[in-house]
1. Is one or more of the residues making up segment B:262-277 closer than 26 Å to B:Gln371 by Cβ and either buried (at least 17 other Cβ atoms within 10 Å of the Cβ) or of a type in the set (Val, Ile, Thr) (or both)?
2. Just to be sure I understand the filter: pairs with C-beta atoms under 7 Å, separated by 6 or more residues or on different chains, first member in segment B:115-138 and over 14 Å from B:Thr412 (Cα atoms), second member of a type in the set (Val, Ile, Thr) and open to solvent by 10 Å² or more (accessible area, probe 1.4 Å). Which pairs pass?
3. Please verify whether segment A:80-100 includes one or more residues that are of a type outside the set (D, E, K, R), surrounded by fewer than 21 Cβ atoms within 10 Å (Cβ to Cβ) and in a helix (DSSP H, G or I).
4. Among the residues of segment B:307-331, which ones are touching a strand residue (DSSP E or B) at 6+ places or on another chain (Cβ under 8 Å), open to solvent by 70 Å² or more (accessible area, probe 1.4 Å), modelled with pLDDT of 95 or more and over 30 Å from B:Glu55 (Cβ atoms)?
5. Just give me the residues in segment A:104-117 being within 14 Å of chain B (Cβ to nearest Cβ) and surrounded by fewer than 19 Cβ atoms within 10 Å (Cβ to Cβ), in sequence order.
6. Give me a count of the residues in segment B:201-227 that are in contact with a helix residue (DSSP H, G or I) (Cβ under 7 Å, 6 or more places away or on another chain) and among the polar types (S, T, N, Q).
7. Before we move on, is B:Glu34 within 30 Å of B:Ser438 (Cα to Cα), without any contact (Cβ under 8 Å) to a residue 60 or more places away in the chain and either away from every other protein chain (no Cβ under 14 Å) or in contact with a His (Cβ under 8 Å, 6 or more places away or on another chain) (or both)?
8. How many residues does segment A:210-262 hold that are within 14 Å of another protein chain (Cβ to nearest Cβ) and hydroxyl-bearing (Ser, Thr, Tyr)?
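The values are calculated or read from the model by the stated rules, or taken from the named source; none is laboratory data. These numbers were taken from a predicted model, which means no experiment stands behind them. Using ideal geometry, Cβ is built from the backbone for each residue, glycine included, and neighbour counts are taken over all protein chains shown. Ligands, DNA and RNA are stripped out before the accessible areas are found, and what is left, the full protein with its side chains, is counted by its heavy atoms. Shrake-Rupley method; radii C 1.70, N 1.55, O 1.52, S 1.80 Å.
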Amino acid sequence: MGKLRFEYWMEIAYSEPVTECHYTFKCLPRDTETQRIEELNIEITPPHEHQQGEDSFGNLMIYDNLYCEHDRFGFWMYGVARTGLAEGEPVGADEFVGRYRYPYGLNRAGDGIRAYFAANAPDAGSPRERAVYLMHRLHRDFRYEKGVTNISTTAEQAWRMGCGVCQDYAHILIALCHLAGIPARYVTGMMAGEGYSHAWVEILADGVWYGLDPTNDCPAGEHYIKIGIGRDAEDCLINKGMVTGGGVQTQNVVVRVEEAER
Amino acid sequence: MYDMDLLERTDTVNELLSRYGVKFGIYKNGAFKEQLFPFDAIPRVIGKEEFAYLEKGLKQRVVALNLFLKDIYSEKKIVKDKVIPEDFIFASSGYMAECDGVAPAKGIYSHISGIDLVQGKDRQWYVLEDNLRVPSGASYPMIARELCRRSSPITFANNKLEDNRNYAQLLRRTMDNVNVGGLTVVLTPGRYNAAYFEHSYLAEKTGARLVSSANLRVENDKLYYVTYDGRLEQVGAVYRRISDEYLDPINFYDGSLIGVPHLYDVFRKGNVALLNAPGNGIADDKGIYYFVPKMVRYYLDEEPILQNAPTYLPFYPEDMQYVLANFDNLVLKDVAEAGGYGVVFGNKMTKEQKAEFIELLQQEPRRFIAQEVIDFLDIDILEEGKLVPRKADLRAFVLMADEPLVWKSGLTRFSRNPDSFIVNSSQGGGFKDTWVLSR
């Protein structure tokens, strides 16, 4: 069990005024079997009453349209979470795992990933053991490097480049799990000590979703706060927005997660 | 045999159509080309009793398809009961997970359905395709009828047929049925869309406002129409002529300039009706087509009235065997393609093409369906003063209002190329009016 204090801060500064802005944040962690959110606060600038909703993946959304002029947009979330309360998330009674079983969007394997899988497929073990095996392999054969891939890089493209960031590790592991017949999904969240938001994978075994972090080659346990889920990164982008005007944009994001006193 | 007075006025009607801007735009090799949609004055005539049979079958089919959509985006009982294999839902590009658990007003998904039928030489009708996303085409026989009546009143005095100019009333009733309170608008991508004529015509005839995304805005989870002087009027129903992926750049494809940011969130909260609902692509997927008769039995506990063209799913090993053994007699369709693309005839392939295709088929059996080639009943068209037989289909329009309504007309499209079996306006064919006799 862990107790983590977290903070997510994002600011965009514009060189010219924005006249219209549309945004959606899917950044709110929620109570699950593995974590309990004990405190959660949000502040948005310019201040306004925003809308709230839930998408079809169960992600909480904060969104709105701003028609007032502004040259700075800020989003600040902070709170406290209890983590590592369970080893995984049991499948809900009305949950459809089918959508996490097939290639979709950015997690599609191409010839490169298929060939790699053919050479590295685990030949025995439970689904969970096989997924962990694939994670170890991927971690060994893929290199962490920033600035090579971007948010719309597919699993196959990243694999061919041989390096990438957490999003790419996650997409490739999902593709490999699909090839192994194991349902797998994309998870966004925060991790103790990270300076940015993080992404990992949940795989389904015996009716339970288990978190695996291929970037760090370990289970996503008590040091992790889960935010969103989806088939791929685009289903659960932490923030998405569009503006009219604005000129040159400068975006800053800070994520801070630290152990709170027990 | 034909009403010569009307036939002699074919050129007049075509000139009027062009003057009214009845055009059809097509994209070919990356360029947008707008062309006239050639009208042939010889109508397709359907007898009263025959149409009554079609009407009954069409209502049954569209009711079942709507129940299927409602089920797929909620409990998915038809999958749990193994009537449709999971692969055909979740691996289909038509399935939109974003629509799971989102309930449109009154449970209606496909308000306007275009069902494509063909008639075989044995006079048997077959459904070739269901179009449940943004089916177009009703405006063409509407205006053609109008102009024919004007050019040749005698023809309509001599023939007793159902008036098809009521489509606008049927459509209005369909929109009003789900309107959650506020204006009704027709949302067009704009002037350069293939069916722009239709958008403006239907808006005018139904009394709805023709709008583009620039006229709409979302505030406080509601959709508003912005008037010329900047006032906001709430919108209760949107007959959108924009495909799902372009509807809302925040929730779907973010490069869309023709959508309205957060429109889908307003819909999700039940504060606006979208006609048709997003996500319908799963029901008119060519792979799902095979299962429509099974849906009729499953949801309605009735025998299907309308038949599908005999179809095989290579996904099932016994069907794969049949397809390989009878390859030359079949037409193969890629389930992901539309508009007459991705359709190949077994007997038109070279030996190499065939070998290559079969390899692909065995690698991705779910991607294709195979159908028997139907021996169409040709219908006559007038070409340079002579009658010549051509392949034609019929798009019937079924509207889901407080009850299912079938428009007593339809769009008959023909292929101008005598050797082509593909009848689709995207491939440059012509059209005819469809007469339903009233006695």
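1. The answer is yes, given that some residue of segment B:262-277 is closer than 26 Å to B:Gln371 by Cβ and either buried (at least 17 other Cβ atoms within 10 Å of the Cβ) or of a type in the set (Val, Ile, Thr) (or both).
2. B:Gly120/B:Ile374; B:Tyr126/B:Ile374
3. Yes; the residues of segment A:80-100 include at least one that is of a type outside the set (D, E, K, R), surrounded by fewer than 21 Cβ atoms within 10 Å (Cβ to Cβ) and in a helix (DSSP H, G or I).
4. Passing the criteria: only B:Tyr322.
5. A:Gly105, A:Arg108, A:Gly110, A:Asp111, A:Arg114
6. Of the residues in that region, 1 qualify.
7. On the way: within 30 Å of B:Ser438 (Cα to Cα): no; without any contact (Cβ under 8 Å) to a residue 60 or more places away in the chain: yes; either away from every other protein chain (no Cβ under 14 Å) or in contact with a His (Cβ under 8 Å, 6 or more places away or on another chain) (or both): yes.
So B:Glu34 fails the test.
8. Total meeting the criteria: 1.
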